[in-house]
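Undergrad: Starting off with a structure, shown below.
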Amino acid sequence: MEAPATYVADASRNEKTVGLVILFGPPGAGKGTQAKRLAEIYAIPQISTGDILRENVARGTELGKKAKSIMEHGDLVPDQLVCDMVSERLKSADCNRGCILDGFPRTVTQAERLDIWIDGKFFDNERARTLPPIVIQVKVEYNSLLQRLTGRRTCPTCGRIYNVHFQPPTIAGICDGDRSKLEMRPDDAEDVIAERLKAYDNQTLPLADYYRKSGRLLEIDGDQPVDQVTAAMLKAIENGHSL
Ligand code: AP5
């Protein structure tokens, strides 16, 4: 996805060592939308646990078979499965300047595991190793979340995210980038959304306290236009290292 010209204009960002940027927030908060932009701006990977799990479901892997019905019901996939998947991905060389973690950690157990990896010098790059993670909580009102999720459409080819209410494609139902037919996610059905929001409140929201205690939590108002949220995140990332 193309990031706005104003952000990419600062070319120094795509050589910067960023470390780990953790985005967490309720379903529909805009984590995926922002993670794609930040990944492009800093030229580092977006690691979306939801996307990796959906790919596994689509390919029918062992992991996908285990995750499929859990995801269809809006529950969280067991910590061990997700942690194994993320730890493998974080070992890749493309993460050496950092990465955007979109949807991980999502429980306190996952956050504790991540802290152990960080202390265990996970990254090869010395600078990335010593940078504290930037943790951004994206806050959005309940009614906006419902509208965002029911209106979301995704390109199955390039992953670009649209919304029939807020960010429609130029031609209804067709990706602007590669002309693929846009799809609705099966877990964006209203009954599943309710379960996902419950899982967020019960299992993910405690992360706010976990990271607040260590002084790492940065809160962002996600109920603003996409560009403004991106600008707030860039500021948080660039000031966050001095926390
Ligand atoms: P995942 O894919 O991570 O889903 P999620 O957390 O529910 O988040 P979403 O992808 O629904 O929303 P988003 O915040 O990314 O919003 P988006 O940018 O798309 O996880 C799916 C499932 O996988 C989970 O339910 C679980 O089962 C499993 N899973 C994943 N990670 C796991 C983990 N760590 N542990 C255990 N299980 C795990 O935006 C939404 C819509 O809003 C779009 O249409 C977009 O265009 C629009 N929009 C975005 N920003 C704005 C804005 N500022 N203004 C207006 N509209 C906007």
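The values are calculated or read from the model by the stated rules, or taken from the named source; none is laboratory data. Predicted, not measured: the structure shown is a model, and the values here were computed from it. Quick reminder, even Gly has a Cβ in these numbers, built from the backbone with ideal geometry, and neighbours come from all protein chains shown. For the accessible areas, the whole protein counts, side chains as well, though only heavy atoms, and no ligand, DNA or RNA atoms are used. Shrake-Rupley method; radii C 1.70, N 1.55, O 1.52, S 1.80 Å.
Undergrad: Using a/c under 1.5 as the rounded threshold, could you call the range 8-87 rounded, prolate or oblate? The axes a ≥ b ≥ c are square roots of the C-alpha gyration tensor eigenvalues, and prolate needs a/b larger than b/c, oblate otherwise.
TA: prolate
Undergrad: Rank these by accessible area, largest first, 1.4 Å probe: 71, 233, 184.
TA: The most accessible residue leads, giving 184, 71, 233.
Undergrad: Note down the magnitude of the dipole of the range 99-182 about its Cα centre, charges +1 on Lys and Arg C-beta and -1 on Asp and Glu C-beta and zero elsewhere, to the nearest 20 debye.
TA: 340 debye
Undergrad: For residue 70 and residue 238, calculate 0.36 nm times their separation in residues minus their Cα-Cα distance, and state this gained length in nm to one decimal.
TA: Details: separation 168, 0.36 × 168 = 60.48 nm, distance 3.66 nm.
Between residue 70 and residue 238, full extension yields 56.8 nm more.
Undergrad: For the range 117-243, what number of Lys pairs, 8 or more residues apart or on separate chains, have alpha-carbon atoms under 29 Å from each other?
TA: Going through the range 117-243 pair by pair, I get 7.
Undergrad: Between rounded, prolate and oblate, where does the range 159-239 land on the alpha carbon gyration tensor, with a ≥ b ≥ c its root eigenvalues, rounded for a/c under 1.5, else prolate if a/b exceeds b/c?
TA: In terms of gyration-tensor shape, oblate.
Undergrad: Order these peptides, 61-69, 99-107, by their mean beta-carbon neighbour count within 10 angstrom, highest first.
TA: The most tightly packed comes first, giving 99-107, 61-69.
Undergrad: Sticking with this one: Would you please classify the overall shape of the range 1-157 from the alpha carbon gyration tensor, given that a ≥ b ≥ c denote the square roots of the eigenvalues, rounded means a/c under 1.5, and beyond that prolate means a/b larger than b/c while oblate covers the rest?
TA: Oblate shape, in that a/c is at least 1.5 and b/c is the bigger or equal ratio.
Undergrad: Additional query: Quick one: which residues, 5 or more positions from residue 135 or on another chain, have an amide H under 5 Å from its amide H? H modelled 1.01 Å from N in the peptide plane, none for Pro or chain starts.
TA: Distant-sequence amide H within range of residue 135: 22, 218.
Undergrad: With every protein chain kept in place and ligands, DNA and RNA left out, what is the accessible area per residue of the range 146-243? Probe 1.4 Å, answer in Å². Intermediate values should be presented prior to the final figure.
TA: Details: 5350 Å² over 98 residues.
With all protein chains present, the range 146-243 gives 55 Å² per residue.
Undergrad: Skipping prolines and chain starts, which residues have an amide H placed within reach, meaning under 5 Å, of the one on residue 47, given they are 5 or more residues away or on another chain?
TA: Distant-sequence amide H within range of residue 47: 100, 101, 102.
Undergrad: Would you compute, from DSSP H runs of 4+ residues alone, the mean residue ellipticity of the chain at 222 nm, taking -39500 (n - 2.57) per run and dividing by the full residue count, rounded to the nearest 500?
TA: -13500 deg cm²/dmol
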